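The next block holds one structure in the form of structure tokens; read it before the comments.
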Amino acid sequence: MTNKTSTPVSKDLLKNAPKDVVCPTYDRDKVTEGILHIGVGGFHRSHQALYLDDLFQSHGVKDWAICGVGIMPQDAAMNKALNEQDCLYTLVERSGKKSNARVIGSLKSYIFGHENPEQVFAKMADPSVKIVSLTATEGGYCFNQATGELDFDNKGIQNDLNNPGKPQTIFGYLAEGLDRRRKAGVTPFTVLSCDNLQGNGHVAKSTLLAFCQKRDPELAKWIDKNVSFPNCMVDRITPATTDAERDFVRDTYGLEDAFPVVAEPFKQWVIEDTFCNGRPPLEKVGVQFTTDVAPYEKMKIRLLNASHSAMGYLGYLCGYRYIYEIAQAPEFIPYIQGMMDVEVTPLVGEIPGVNLTEYKKSLMERFANETIKDQALRICLDGSSKLPKFILPSIVEQLERKGPIRKLTLCVASWMRFLNGKDEQGADIPIQDPQADRLTAVTKKTRDPKALLELTDIYGDLGKDERFVKELELLVNMLYDKGARATLDFVMSEK
Ligand code: CS2
């Protein structure tokens with residue numbers, strides 16, 4: 001079906017919504033904002049904003065709308081798109097079986113903090129904001145991967161301490177917002193991290209406290225006593241929006257949307273119920289509340305995110321550009337399945353109410369969803385903060401129990417080979433990582449993996465483990481000398 005004309009997404013669209021697109025039928029003017037969210041990318045818009053939209057649309061809830069905030073210079077495009085579209089956008093859920101489009105109305109306003117930090121502070125100080133949620137990415141918490149401590153050498157952290165009126169990281173914003181509430185005697189907001197970090201709430205709390213301790217110990221004390229940081233596990237595969245998604249939304253639904261989002265049908269959110277200033281009744285729309293989210297997070301990060309990394313780097317080196325291609329490739333299926341079954345599952349343990357065999361089967365199906373065109377390069381972004389969370393902890397645990405590590409190590413080796421910056425045909429590999437300069441300074445000098453392992457803030461003590469170093473050397477050398485496919489064959493031929 002191809003529509004000849006297209007209608008811009010804006011509040012006018014809601015007066016005359018296309019038949020095949022679900023649009024908000026609740027009165028958006030009557031829904032008040034109770035959440036400020038930092039990091040409005042594809043994931044937030046396909047996940048949290050949808051859960052809230054469901055609450056407004058189907059359960060008559062009238063508060064807890066979202067004020068979106070972008071703090072990075074690259075959020076300028078989102079700022080422009082959302083403000084031009086009355087903060088409405090199209091979410092399409094796609095699988096081989098169906099494609100559903102929906103216009104989401106739960107985001108009511110958007111502030112570009114990078115240009116208007118004062119507006120963000122003022123909003124954070126407003127007592128009607130009861131939750132500040134975050135998708136700051138794994139790297140946004142600026143901590144040393146090996147020690148878990150906030151990295152005071154980080155340029156953003158240094159800026160935020162010296163220049164509190166114009167922060168660059170989540171810490172400067174959270175500290176200023178909470179400080180204003182403290183001084184005004186207002187109940188603090190809950191800080192809800194929605195990033196793929198094990199113990200994301202604990203990490204948000206310990207890093208923010210370390211930051212505030214330097215900024216003002218009294219503030220740190222107050223936050224420690226009064227602010228809650230629930231841990232949560234979030235899940236929905238959401239590719240980056242490109243022109244392909246914009247064209248799809250225009251051609252299929254007749255909607256002109258500068259920033260639509262396309263995601264898989266699956267979604268999951270498990271949260272610890274420790275909110276210090278109230279929360280939306282998210283249990284009505286399928287969110288699971290629990291007292292201990294750790295087993296769910298471990299399962300998701302070590303199986304889903306780790307498999308993504310294992311597919312991304314090696315798959316890219318093999319010439320694939322989309323995750324579905326890799327997940328459907330006969331040589332990759334046993335690798336990913338084997339990594340999960342043999343090297344990761346023994347570490348994950350029992351998860352209440354989850355059949356792990358079924359869970360992994362559904363992951364393989366989700367990875368193979370060719371309609372969402374998840375980019376290998378999206379997965380290969382920011383390896384310096386992803387691998388220490390998704391892959392390295394499983395290697396460390398397996399080394400402790402003298403268990404198998406080869407398939408996980410292949411992921412680390414592929415990342416190292418990827419960081420060389422040239423693929424097997426000699427073409428440039430686009431490396432996107434805040435640590436890219438530091439990493440490629442090493443790979444330009446030597447292909448010896450021991451040199452990268454010296455970056456202990458990323459690799460911890462792994463460089464001291466003889467067994468791991470030997471495995472890694474074997475695989476890195478083979479990747480350079482024989483290529484990605486031959487190395488994968490070798491790994492899979494080993495009993
Ligand atoms: C991905 C995640 O960034 C990554 O490497 O593994 O973005 C993943 O798609 C989501 O966590 C799915 O919930």
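The values are calculated or read from the model by the stated rules, or taken from the named source; none is laboratory data. Just so we're clear, the structure is a prediction, and the values are computed from it rather than from any experiment. Here the Cβ is made from the backbone with ideal geometry for all residues, glycine too, and neighbour counts use every protein chain on show. Surface accessibility is based on the protein's heavy atoms, side chains included, excluding ligands, DNA and RNA. Shrake-Rupley method; radii C 1.70, N 1.55, O 1.52, S 1.80 Å.
Give me the distance between the Cα centres of the stretch 287-314 and the stretch 426-453, rounded to whole Å.
27
What part of the accessible area of the stretch 223-289, given as a whole %, is carbon or sulfur when the probe is 1.4 angstrom?
Whole-percent figure for carbon plus sulfur exposure: 47.
What part of the accessible area of the stretch 354-415, given as a whole %, is carbon or sulfur when the probe is 1.4 angstrom?
54
List the residues, sorted by chain then number, that are 5 or more residues from Thr7 or on another chain and whose placed amide H is less than 5 Å from its amide H.
Placed amide hydrogens put Leu255, Glu256 under 5 Å from Thr7.
How far apart, in nanometres, would the label points at Val469 and Leu161 be if each is projected 7 angstrom from Cα along the Cα-to-Cβ direction?
Spacing of the two 7 Å Cα→Cβ label points: 3.3 nm.
Rounded to the nearest 20 debye, what is the charge dipole size of the chain about its Cα centre when +1 sits on each Lys and Arg Cβ and -1 on each Asp and Glu Cβ?
With only Lys, Arg, Asp and Glu charged at Cβ, the dipole is about 360 debye.
I'd like the antiparallel share, as a percent to the nearest 5, of DSSP beta bridges with both residues in the chain.
Of those bridges, close to 30 percent are antiparallel.
Assign one of three labels to the chain, namely rounded, prolate or oblate, based on the Cα gyration tensor with a ≥ b ≥ c the square roots of its eigenvalues; rounded applies when a/c is under 1.5, prolate when it is not and a/b is larger than b/c, and oblate otherwise.
Judged from the Cα gyration tensor, the chain comes out oblate (a/c at least 1.5, b/c at or above a/b).
On a C-alpha basis, how far is the centre of the stretch 392-418 from the centre of the stretch 272-286 in Å? Whole number, if you could?
37
Can you list the residues, at least 5 places off or on another chain, whose amide H is less than 5 Å from the amide H of Gly68, using H built in the peptide plane?
For Gly68, the qualifying residues are His37, Lys108, Ser109, Tyr110, Ile111.
For the stretch 173-248 and the stretch 96-142, what is the separation of their C-alpha centers, rounded to whole Å?
Spelled out, the Cα-based centre of one part sits 12 Å from the other.
Search the structure for amide H atoms under 5 Å from the amide H of Tyr322, placed 1.01 Å from N in the peptide plane, and list their residues when 5 or more places away or on another chain.
Amide H neighbours of Tyr322, under 5 Å, 5+ apart: Ala376.
Can you give me the accessible area per residue for the chain, using a 1.4 Å probe, in Å²?
41
Ignoring ligands, DNA and RNA, what percent of the 1.4 Å accessible area of the stretch 1-133 is carbon and sulfur?
Answer for the stretch 1-133 is 50 percent, counting heavy atoms of protein chains only.
Using a Förster radius of 22 Å, what is the FRET efficiency between Thr147 and Leu399 based on their Cβ-Cβ separation? Nearest 0.05, please.
Plugging the Cβ-Cβ distance into 1/(1 + (r/R0)^6) gives 0.70.
If you take the charge dipole of the chain about its Cα centre, with +1 on Lys and Arg Cβ and -1 on Asp and Glu Cβ, which of Tyr26, Cys142, His202 is farthest toward its positive end?
Towards the positive end, the residue furthest out is Tyr26.
Just from its helices, what would the mean residue ellipticity at 222 nm be for the chain, if runs of 4 or more DSSP H residues each count -39500 (n - 2.57) and the sum is divided by every residue, rounded to the nearest 500 deg cm²/dmol?
That comes out to -13000 deg cm²/dmol.
With only Lys, Arg, Asp and Glu charged, each at its Cβ (+1 for the first two, -1 for the last two), find how big the charge dipole of the stretch 183-292 is about the Cα centre; round to the nearest 20 debye.
660
Kindly flag which residue pairs out of Lys225/Lys284; Lys298/Lys407; Lys130/Lys361; Lys62/Lys205; Lys108/Lys166 have an alpha-carbon separation exceeding 27 Å in this structure.
Too far apart for the 27 Å limit: Lys225/Lys284; Lys130/Lys361; Lys62/Lys205.
Measure up Lys80/Lys155; Lys214/Lys450; Lys183/Lys389 against 29 Å on the Cα-Cα distance and list the ones that go over.
The pairs that break the limit, which is 29 Å between Cα atoms, are Lys214/Lys450; Lys183/Lys389.
Which of Cys411, Ile71, Gln48 sits closest to the plus end of the dipole of the chain, meaning its Cα is farthest towards the positive end, when Lys and Arg get +1 and Asp and Glu get -1 on the C-beta?
Gln48
Sort the stretch 379-495 into rounded, prolate or oblate with this rule: let a ≥ b ≥ c be the square roots of the eigenvalues of the Cα gyration tensor; rounded if a/c is under 1.5, and if a/c is not under 1.5, prolate when a/b is larger than b/c, oblate otherwise.
Oblate.
For the stretch 1-148, what is the relative contact order in percent, using Cα pairs closer than 8 Å and at least 6 residues apart in sequence?
It rounds to 31 percent for the stretch 1-148.
Hey, if you put +1 on the Cβ of every Lys and Arg and -1 on every Asp and Glu Cβ in the chain, which of Pro346, Val191, Asn159 ends up farthest toward the positive end of that dipole?
Val191
Can you tell me, using C-alpha contacts under 8 Å and at least 6 residues apart, the relative contact order of the stretch 396-495 as a whole percent?
So the answer I get is 31 percent.
Specify whether the C-alpha gyration tensor of the stretch 12-168 places it in the rounded, prolate or oblate class, a ≥ b ≥ c being the square roots of the eigenvalues: rounded for a/c under 1.5, otherwise prolate if a/b is larger than b/c and oblate if not.
Here the stretch 12-168 falls in the prolate category.
Normalising by the residue count of the chain, find the relative contact order in percent from Cα pairs under 8 Å and 6+ residues apart.
Computed over the chain, the figure is 14 percent.
Consider a paramagnetic label point 7 Å from the Cα of Lys284 along Cα→Cβ; state which residues of the stretch 7-43 have an amide N under 17 Å from it.
Those under the cut-off are 24-35.
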